[in-house]
Amino acid sequence: MKLEVSKEAAEWYIRELNLKANDSVKFFGKVYGPHGGFSFALAIMEPSRPLEMIKVEGINFYVEKSDDWFFGDKDLSITFDKERDEPKYDVTIIEG
């Protein structure tokens with residue numbers, strides 16, 4: 001599992017979620033939406049057992065080991081879509 005967050009995406013989270021230096025954003029798997037499939041969500045909370053964590057613009061972005069069931073075979077890259085003024089999530093399945 002690899003997690004990447006662009007500087008521009010981090011700045012969006014800081015602005016929209018009113019984050020301060022050293023705050024943490026957790027990404028986690030969830031049964032979600034009208035189609036009953038799996039998706040991911042986010043929460044502002046401190047890590048306890050991170051599977052993957054990076055710091056961008058002073059903010060910790062991470063996935064917990066307990067969410068390995070969802071993220072274990074995926075890489076997550078979060079960039080910023082300027083036209084939509086929101087983060088763009090690219091999930092890649094890891095082969096092998």
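When the chymotrypsin sites (Phe, Trp or Tyr not before Pro) in segment 1-79 are filtered for DSSP coil states and for at most 12 other beta-carbon atoms within 10 Å of their beta-carbon, the remaining sites are 32.
Over the chain, what relative contact order in percent results from Cα pairs under 8 Å that are six or more residues apart? All intermediate terms of the calculation are to be shown ahead of the outcome.
Numbers: 185 pairs, mean separation 31.9, N = 96.
Relative CO of the chain lands at 33 percent.
Within the chain, antiparallel bridges make up roughly 75 percent of the DSSP beta bridges whose residues both belong there. Label-to-label distance, residue 1 versus residue 38, with points set 7 angstrom from Cα along the beta-carbon direction: 1.1 nm.
Among the GluC sites (Glu not before Pro) in segment 14-96, which ones are in a DSSP loop with at most 11 other Cβ atoms within 10 Å of the Cβ? Mind listing them?
Within segment 14-96, the qualifying GluC sites (Glu not before Pro) (loop, at most 11 other Cβ atoms within 10 Å) are 83, 95.
Near residue 92, once Lys and Arg are set to +1 and Asp and Glu to -1 for all other residues with Cβ below 12 Å from its Cβ, the sum equals -3. Close Lys pairs in segment 2-93 (alpha-carbon distance under 19 Å; sequence gap of 8 or more, or different chains): 23. Computed extension gain for residue 31 through residue 84, at 0.36 nm per residue and net of the alpha carbon distance, reaches 16.5 nm. Other residues with beta-carbon under 11 Å from the beta-carbon of residue 40 carry, at +1 per Lys or Arg and -1 per Asp or Glu, a net charge of +2.
Summing Lys and Arg as +1 and Asp and Glu as -1 over all other residues whose Cβ lies under 13 Å from the Cβ of residue 49 gives a net charge of -3. Helix 7-17 and the longest principal axis of the Cα set of the chain meet at an angle near 80°.
Any read-out appearing in this document is the output of simple, stated calculations on the displayed coordinates, not a laboratory observation. Please read these numbers as outputs of a predicted model, since none were measured by experiment. Here Cβ is always computed from backbone atoms with ideal geometry, including for glycine, and neighbour counts include all displayed protein chains.
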